[in-house]
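Report on the following structure.
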Amino acid sequence: SFLNVTRSVMGNHDTYAPSGTTPYYNYFGAAAGPNPGGYYSYDIGENWHVIALNAQCSQAGGCGTTSPQTTWLQADLAANTKKCVIAVWHQPRWTSGRHSDDSTSAAWWNLLYQYKVDIVANGHNHNYERFNLIDPSEQAAADGIREFIVGTGGAPADGYSYADHPLDPNEAVRNQTGVYGILKLTLGDNYY
């Protein structure tokens, strides 16, 4: 019932055999971005630009510094005229969740930080995490990016023992209870 107002990013489960990515693109249609690739951007209101990236690198022509997707990302950031930017993809660069930090998006973080992106939102881990403002090395930075991990949208808690794993440096909060939920952001002229 919400398909007409939904935009998507490809996750690892969207690539599994036997059908591969076909059901994903068939279901979401144009809201999944171009096929192949699955990365795209759009604007919300007067001040916000959203970048949807595909961390399933084999489906997107790669994710490294010279990949088509990263080259596109740099051009998209350079062309952006909005004050505020959100970038979203599936596997988080930084996390204290069951699936550890994923260096696949390191080149993206460098560009996003260079262009002063405000928010990165990911999923993959079946929990909620929020980081303080951080740079591409996960160090505190007044001009850094706020990262959210919101893997609470339908999969059950993954049984990971968070009590045995401390928060990452500069991680502000982590939900350890495996509750379902979404991240709702109110986007203002120059705030969220």
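Take the residues in the range 106-126 that are of a type in the set (S, T, N, Q) and touching a Pro at 6+ places or on another chain (Cβ under 6 Å); name whichever of them is surrounded by the most Cβ atoms within 10 Å (Cβ to Cβ). Residue satisfying both the conditions and the ranking: N122.
Restricting the range 1-28 to residues that are open to solvent by 70 Å² or more (accessible area, probe 1.4 Å) and assigned to a loop (DSSP other than H, G, I, E, B), the residue that is modelled with the highest pLDDT is R7. Residue count for the range 16-75 under the criterion of being among the charged types (D, E, K, R) and in contact with a His (Cβ under 6 Å, 6 or more places away or on another chain): the result is 1. Just a yes or no: is a residue in the range 115-124 more than 26 Å from S161 (Cβ to Cβ) and more than 17 Å from the chain's Cα centre (by Cα)? So far as the range 115-124 goes, no, none of its residues is more than 26 Å from S161 (Cβ to Cβ) and more than 17 Å from the chain's Cα centre (by Cα). Here A55 fulfils each of the conditions (1) part of a strand (DSSP E or B); (2) closer than 26 Å to H13 by Cα; (3) in contact with a helix residue (DSSP H, G or I) (Cβ under 9 Å, 6 or more places away or on another chain); (4) not hydroxyl-bearing (S, T, Y) apart from (1). Kindly evaluate T95 against the criterion of being touching a strand residue (DSSP E or B) at 6+ places or on another chain (Cβ under 6 Å), within 14 Å of R174 (Cβ to Cβ), among the β-branched types (V, I, T) and touching a residue at least 40 places away in the same chain (Cβ under 8 Å). Considered against the rule, which asks whether it is touching a strand residue (DSSP E or B) at 6+ places or on another chain (Cβ under 6 Å), within 14 Å of R174 (Cβ to Cβ), among the β-branched types (V, I, T) and touching a residue at least 40 places away in the same chain (Cβ under 8 Å), T95 comes out as yes.
Checked against (1) hydroxyl-bearing (S, T, Y); (2) open to solvent by 30 Å² or more (accessible area, probe 1.4 Å); (3) touching a residue at least 12 places away in the same chain (Cβ under 8 Å), Y40 meets all criteria but (2).
The values are calculated or read from the model by the stated rules, or taken from the named source; none is laboratory data. Everything numeric in this text was worked out from a predicted model, so none of it was measured. In this analysis, Cβ positions are derived from the backbone assuming ideal geometry, glycine residues included, and neighbour counts consider all displayed protein chains. Just the protein is used for accessible areas: all its heavy atoms, side chains included, with ligands, DNA and RNA removed. Shrake-Rupley method; radii C 1.70, N 1.55, O 1.52, S 1.80 Å.
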